[in-house]
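What follows is one structure encoded as C-alpha cells, with my remarks underneath.
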Amino acid sequence: MIIIEGKVQGVGFRYSALKKANEMGIKGFVRNKEDGSVYLEIEGEPELIEQFTEWCWRGPSWALVEKVNCQTIPHANFTSFVIR
C-alpha cells in the first residue's frame, strides 16, 4: 500500500500511475482519497515495486509530492492495474 501526499490530485497523478504501472507490468489500483492524498495498492516483482515506488516520489510533472508512505499488505492477486 502506498499513500502519496502533497499536490497530487488534479494533476493527472492517477492516469500517470496507470500508464507507468502498465509499462512496468505492475498490477493493482489507484484512487484519490478525500483528504487530498492518492492511495495505491500494487503487486509485482520486488525490483519493479521498488522502481514504481521511486517513481511515486516524482509523479507527473504537475505534481508536488511531499510524502510517500509505504506499507506491506497481503497480496490480493490483482490481474490488471485500474483507476478506482
> Is it true that some residue in the stretch 35-48 is assigned to a helix (DSSP H, G or I), in contact (Cβ under 8 Å) with a residue 40 or more places away in the chain and of a type outside the set (Asp, Glu)?
Replying inline: no
> Among ARG31, ARG58, ARG14, which is part of a strand (DSSP E or B) and open to solvent by 30 Å² or more (accessible area, probe 1.4 Å)?
Replying inline: ARG31
> Before we move on, is PHE52 touching a Leu at 6+ places or on another chain (Cβ under 8 Å) and either open to solvent by less than 50 Å² (accessible area, probe 1.4 Å) or among the small types (Gly, Ala, Ser) (or both)?
Replying inline: no
> Of all residues in the stretch 13-68, which are of a type in the set (S, T, N, Q) and at pLDDT 95 or above?
Replying inline: SER16, ASN22, ASN32, SER37, GLN51, THR53
> Taking the stretch 61-84, which residues are out of contact with any Asp or Glu (no Cβ under 9 Å at 6 or more places or on another chain), outside any strand (DSSP E or B) and surrounded by fewer than 16 Cβ atoms within 10 Å (Cβ to Cβ)?
Replying inline: SER61, TRP62, GLN71, THR72, PRO74, THR79, SER80, ARG84
> What is the number of the single condition among (1) under 18 Å from SER80 (Cα atoms); (2) open to solvent by 100 Å² or more (accessible area, probe 1.4 Å) that GLY44 does not meet?
Replying inline: (2)
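The values are calculated or read from the model by the stated rules, or taken from the named source; none is laboratory data. Quick caveat: nothing in here was measured; it's all calculated off a predicted structure. Backbone-built Cβ (ideal geometry, glycine too); neighbour counts: all protein chains shown. Heavy atoms of the whole protein, side chains included, go into the accessibility calculation; ligands, DNA and RNA do not. Shrake-Rupley method; radii C 1.70, N 1.55, O 1.52, S 1.80 Å.
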